[in-house]
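The values are calculated or read from the model by the stated rules, or taken from the named source; none is laboratory data. Source: prediction; values computed, not measured. Positions of Cβ are generated from backbone atoms using ideal geometry, with glycine treated the same way; all protein chains shown enter the neighbour counts.
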Amino acid sequence: MSRRRYRFRKYLRLGLLILSLPMFGFIPARLMIATIQAPAPQAILTLGGARQREAFTAELAKNHADLDVWISSGLSQKDAQRIFSEAGVDFHRVHQDRVATDTVTNFTSIVDRLQQRNIQHVYLVTSDFHMPRAEAIATVILGSRGIRFTPMPVPSQEESESPLRIVRDIGRSIVWIFTGQTGAELRTGRATYKLNNQIFGQNERQRR
């Protein structure tokens, strides 16, 4: 790694730390207010990625008939409707959102809609191996909007995720608070670029 790049990353980390310091008091304060004003969950938020998560959510919704369900980038409408119908849950209670491309955007793409409905407390549903990272991100993103969560982990056989992924996504969440950007756009652009190269070959500049 070049000295210039090392220095840039060093200052970037320092900048993120300085920017995040005010949140150490701001987010806990907002979560405390939410705890007082909404001691019980007012909705169910499910992170898509596995059929078991939506099956678990359907049973949870069945036992909490007064709560709407929000699913971020989950199954197709047809498959989800079948799962909820089999559980005896009216699918009109289910709101599907397909904007998210990863765990950080699971939250950033839906937090505004939760806030618009004055939701201050949600059940958070995802797989058990995924829950630590989801909780870390939710604390920053949902917490910054005064929304607390009660984790509802879905049992799985997967190994726990790397702590580095959690740290990385905490950083991305902090950046989103200040800039409105998550970095997912860059990754999506790179993926599209690679796919185009695989289909059509390298661009003219690279061939020269």
- Qualifying positions in region 84-104 - touching a residue at least 12 places away in the same chain (Cβ under 8 Å) and either among the polar types (S, T, N, Q) or assigned to a loop (DSSP other than H, G, I, E, B) (or both): A87, G88, V89, Q96, R98, V99, A100, T101, D102, T103
- Is it true that some residue in region 124-141 is crowded, with 21+ Cβ neighbours inside 10 Å and basic (K, R)? yes
- What do you reckon, is Q115 surrounded by fewer than 22 Cβ atoms within 10 Å (Cβ to Cβ), without any contact (Cβ under 8 Å) to a residue 24 or more places away in the chain, assigned to a helix (DSSP H, G or I) and not aliphatic (A, V, I, L, M)? no
- Item | Within region 12-68, tally of residues that are modelled with pLDDT under 80, among the hydrophobic types (A, V, I, L, M, F, W, C) and assigned to a helix (DSSP H, G or I) | 8
